[in-house]
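Have a look at the structure below before the remarks.
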Amino acid sequence: VVCDRVIEDGKLEAVAKEIVSLGRRALTVQVDITSEGDIENLVRRTVDEFGRIDILVNNAGVAFYYPVLETPLKQWELVLKVNLTGAFLCSKAVLPKMIEQRSGSIINISSLAANERNGGLVPTGVAYGAAKAGLDRFTWGLAAEVGQYNIAVNAIKPVKVVDTEGMRFWMADADKSQWQTPDKMVKCAVFLAAQDAQGITGTVATDDELCAWHGLK
């Protein structure tokens, strides 16, 4: 199941077609990650189509770089809503089905911005870093709450800038020679997707750490 706030540009459908070309089924849903109603509709349509929910990847993100003194409240709130509240709403929405199944894996995409005490690799601003720090704490806390239902909750942080369409738009003039493809993050996400509470849970780690700790090649 793939979702996005915008579907008119055809990119979501292109992803779905690629999934189908690999012999899988795909469902596309337009979702505003800050809307509880949209997320409830996403979960309802997913269960109607597939009957269960095994994996949730909280990957939505947005950042605006402003010094704190110049940060409008609207931008601050939007960054926290998308990066942190969105993960809360999606997790809360899928948990009833995962608890019923007594299995599931929730993967949060975090960032080194949660730990950086300077400008960092990418100037994403204090609001983004604060949201990702909150996401790390949310990961630990939720893992402790749902472990009894055999549900794993983990977070991954890329060490290097990941070369995506969004990052190329955000940093159009940057030196991209040290950027990495999404492959390493995908490898880590696939590994964590297979976990339950009997395996790895409550971990907040970088892609480098996960690969080293678990021999991911």
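The values are calculated or read from the model by the stated rules, or taken from the named source; none is laboratory data. These figures come from a predicted structure and were not determined experimentally. FYI the Cβ positions are ideal-geometry reconstructions off the backbone, even for glycines, and counts take in every protein chain you see. These area figures cover heavy atoms from the full protein model, side chains too; ligands, DNA and RNA do not enter into them. Shrake-Rupley method; radii C 1.70, N 1.55, O 1.52, S 1.80 Å.
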Helix 183-193: angle to the longest alpha-carbon principal axis of the chain, degrees 0 to 90, nearest 10? 40 degrees
Fluctuation leader among Val94, Val161, Val15 - the chain, Gaussian network, Cα springs under 10 angstrom: Val15
Which of these, Thr46, Thr85, Thr34, has the largest mean-square fluctuation under a Gaussian network model of the chain (Cα springs below 10 Å)? Thr46
Take the cross-link list Lys92/Lys187; Lys132/Lys184; Lys11/Lys81; Lys81/Lys160; Lys74/Lys97 and give me the ones stretching past 27 Å between alpha-carbons. Lys74/Lys97
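With the cut-off at 1.5 for a/c, could you classify segment 1-95 from its C-alpha gyration tensor as rounded, prolate or oblate?
Details: a/c = 2.78, a/b = 1.73, b/c = 1.60.
In terms of gyration-tensor shape, prolate.
Give, as a single signed number, the net charge of other residues whose beta carbon lies under 13 Å from the beta carbon of Ala113, with Lys and Arg counted +1 and Asp and Glu -1.
On the way: positive: Arg117, Lys132, Lys157; negative: Glu116, Asp136.
Net charge around Ala113: +1.
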P(r) of segment 78-194 over all Cα-Cα pairs, 10 Å bins starting at 0, rounded to whole percent, reads 13, 39, 34, 12, 2
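Which percent of the accessible heavy-atom area of the chain goes to carbon and sulfur, probe 1.4 angstrom?
Working: 6610 of 12290 Å².
Here it works out to 54 percent.
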Can you pull the three principal axis extents for the Cα set of segment 109-158, in Å, largest first? 39, 17, 12
Less than 12 Å Cβ to Cβ from Leu27, Lys/Arg counted +1 and Asp/Glu -1: what total charge do the surrounding residues give? +1
Before rounding to the nearest 500, sum -39500 (n - 2.57) across all DSSP H runs of length at least 4 in the chain and divide by the residue total; then give [θ] at 222 nm in deg cm²/dmol. -14000 deg cm²/dmol
Would you please give the FRET efficiency between Lys217 and Thr164, computed as 1/(1 + (r/R0)^6) with r the Cβ-Cβ distance and R0 = 25 Å, to the nearest 0.05? 0.65
Using only the Cα atoms of segment 136-217, each taken as one equal point scatterer with no solvent, compute I(q) by the Debye sum, divide by I(0), and report log10 of the ratio at q = 0.14, 0.23 Å⁻¹. -0.54, -1.03
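Take the Cα radius of gyration of the chain and divide it by 2.2 N^0.38 Å, with N its residue count; two decimals is plenty. Write down the numbers at each step before the final one.
Numbers: Rg = 17.2 Å, N = 217, 2.2 N^0.38 = 17.0 Å.
The reported ratio for this selection is 1.01.
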Extension gain Val190-Leu22, at 0.36 nm per residue separation less the Cα-Cα distance, in nm? 58.8 nm
